[in-house]
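Notes follow the structure.
The values are calculated or read from the model by the stated rules, or taken from the named source; none is laboratory data. Predicted model, so just to flag it, every value in this text is computed and none were measured. As a convention, Cβ positions derive from the backbone with ideal geometry for all residues, glycine included, and neighbour counts pool all protein chains shown.
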Amino acid sequence: MGSGIAQVAAHAGYDVVLHDTTPDALERALSGIASSQERFVAKNKMSLDDVRAARARVSTTTELNDVEGADIVVEAVFERLDVKREVFQKLAAIVSDDVVLATNTTAIPITQIASAVSRPERVVGTHFFSPVPMMRLCELVRGFHTSDETLARARQFAESVGKTCVLVNRDVAGFVTSRLLVALLNEAVAIVDAGIATAEDVDVACQLGFGHTMGPLATLDLTGLDVILHAAGNIYDATRDEKFAPPELLARMVAAGQLGRKSGQGFYRHPR
């Protein structure tokens, strides 16, 4: 997710500092950006000059202090509250008081993350969708203390990188899209697990019956089974609503390393 956000920001003309904890992780991020750009070039949706210019705008670092001069910081670390809170505590001590601190989370309430910093009014949720260069939506999520100015600046950034924003005024676990998606995906997985229908037929039913561009299980493979498993777990932990409880089959597939497109196998087989 972080590399995808960096990619669209660079193509929109922003100078980007891409941070990760190890050189290997940064190399994988740059490789992912390059592969994505190559696909856009192959489809004549991007020129080689655009690619070169965007790559020149991205610098990498393993030192978090190097983000000190940023106007907006978008965090995209693992979906665990303790990890995100630790990152925000460090960021708040590095950047100036007027910097927007945005969290890319699919399910964790913004208020819980923002409570880690002394000025929670500058913390906002910017839920981008994977793969970021292709998906047009960004959920803007207001925490309990998020200011109107912070929200406006986050919207300006998201729209400037080509996204259409929807506003979530109350940061309940899962917001809008994750709650809807997890409920649908859980039922789709349960139907396959029970042998009621195949993954292919479930997807065709949603495409032709409901007008979905992509079926739920193909969407699950695209997003990542591990991502949805964590999102479902977070929403269920917060609500105790059984419709959000992660299905056993989903947990078993993730444990087996079948994560969808990024691993080459999910509910479908994918070329790597």
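Laid out as a table, the results:
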| quantity | calculated |
| --- | --- |
| Those strands (runs of 3 or more DSSP E) lying entirely in the stretch 121-196 with at least 2 residues surrounded by fewer than 16 Cβ atoms within 10 Å (Cβ to Cβ) | 164-168 |
| Total residues in the stretch 227-262, condition assigned to a loop (DSSP other than H, G, I, E, B), within 14 Å of Leu181 (Cα to Cα) and in contact with a Ser or Thr (Cβ under 9 Å, 6 or more places away or on another chain) | 0 |
| Given (1) of a type in the set (D, E, K, R); (2) more than 24 Å from Leu137 (Cα to Cα); (3) under 17 Å from the mean Cα position of the chain (by Cα), index of the condition Glu68 fails | (3) |
| Residue, surrounded by the most Cβ atoms within 10 Å (Cβ to Cβ), within the stretch 81-97, restricted to residues that are in contact with a helix residue (DSSP H, G or I) (Cβ under 8 Å, 6 or more places away or on another chain) and not in a helix (DSSP H, G or I) | Val95 |
| Residue check for Arg142: modelled with pLDDT of 95 or more and within 22 Å of Ala12 (Cα to Cα) | no |
| Residue list for the stretch 22-42, restricted to those being hydrophobic (A, V, I, L, M, F, W, C) and within 13 Å of Val58 (Cα to Cα) | Leu26, Ala29, Leu30, Ile33, Ala34 |
| First in the stretch 241-269 and touching a residue at least 40 places away in the same chain (Cβ under 8 Å), second anywhere and acidic (Asp, Glu) and loosely packed, with under 14 Cβ neighbours inside 10 Å, Cβ under 7 Å, 6 or more apart | Pro247/Asp193; Leu249/Asp193 |
| Tally, over the stretch 100-111, of residues that are touching a helix residue (DSSP H, G or I) at 6+ places or on another chain (Cβ under 6 Å) and not hydroxyl-bearing (Ser, Thr, Tyr) | 5 |
| Residue in the stretch 230-248 that is under 18 Å from the mean Cα position of the chain (by Cα) and β-branched (Val, Ile, Thr) present | yes |
| Some residue of the stretch 69-77 being closer than 21 Å to Phe157 by Cβ and exposed (fewer than 15 other Cβ atoms within 10 Å of the Cβ) | yes |
| From Thr106, Thr164, Thr126, residue being at pLDDT 95 or above, in contact with a Ser or Thr (Cβ under 9 Å, 6 or more places away or on another chain) and either outside the structural domain of Arg39 (by TED's automatic domain parsing) or of a type outside the set (Phe, Trp, Tyr) (or both) | Thr126 |
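The rows are residues; the columns are (1) of a type outside the set (S, T, N, Q); (2) free of Cβ contacts under 8 Å to residues at least 12 places away in the same chain.
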| residue | (1), (2) |
| --- | --- |
| Ala12 | yes, no |
| Asp15 | yes, no |
| Asp20 | yes, no |
| Glu27 | yes, yes |
| Ser31 | no, yes |
| Ser36 | no, no |
| Phe40 | yes, no |
| Ala54 | yes, no |
| Asn65 | no, no |
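Okay, residues lined up against (1) more than 17 Å from the chain's Cα centre (by Cα); (2) assigned by TED's automatic domain parsing to the domain that holds Leu229; (3) at pLDDT 95 or above; (4) within 27 Å of Gly143 (Cα to Cα):
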{"position": "Ala9", "(1), (2), (3), (4)": "no, no, yes, yes"}
{"position": "Tyr14", "(1), (2), (3), (4)": "yes, no, yes, yes"}
{"position": "Leu18", "(1), (2), (3), (4)": "no, no, yes, yes"}
{"position": "Arg39", "(1), (2), (3), (4)": "yes, no, no, no"}
{"position": "Arg57", "(1), (2), (3), (4)": "yes, no, yes, no"}
{"position": "Lys84", "(1), (2), (3), (4)": "no, no, yes, yes"}
{"position": "Val87", "(1), (2), (3), (4)": "no, no, yes, yes"}
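To keep it simple, each residue is scored yes or no on (1) more than 30 Å from Ala238 (Cβ to Cβ); (2) touching a strand residue (DSSP E or B) at 6+ places or on another chain (Cβ under 8 Å); (3) hydrophobic (A, V, I, L, M, F, W, C).
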position: Asp49; (1), (2), (3): yes, no, no
position: Arg80; (1), (2), (3): no, no, no
position: Asn104; (1), (2), (3): no, yes, no
position: Ala116; (1), (2), (3): no, no, yes
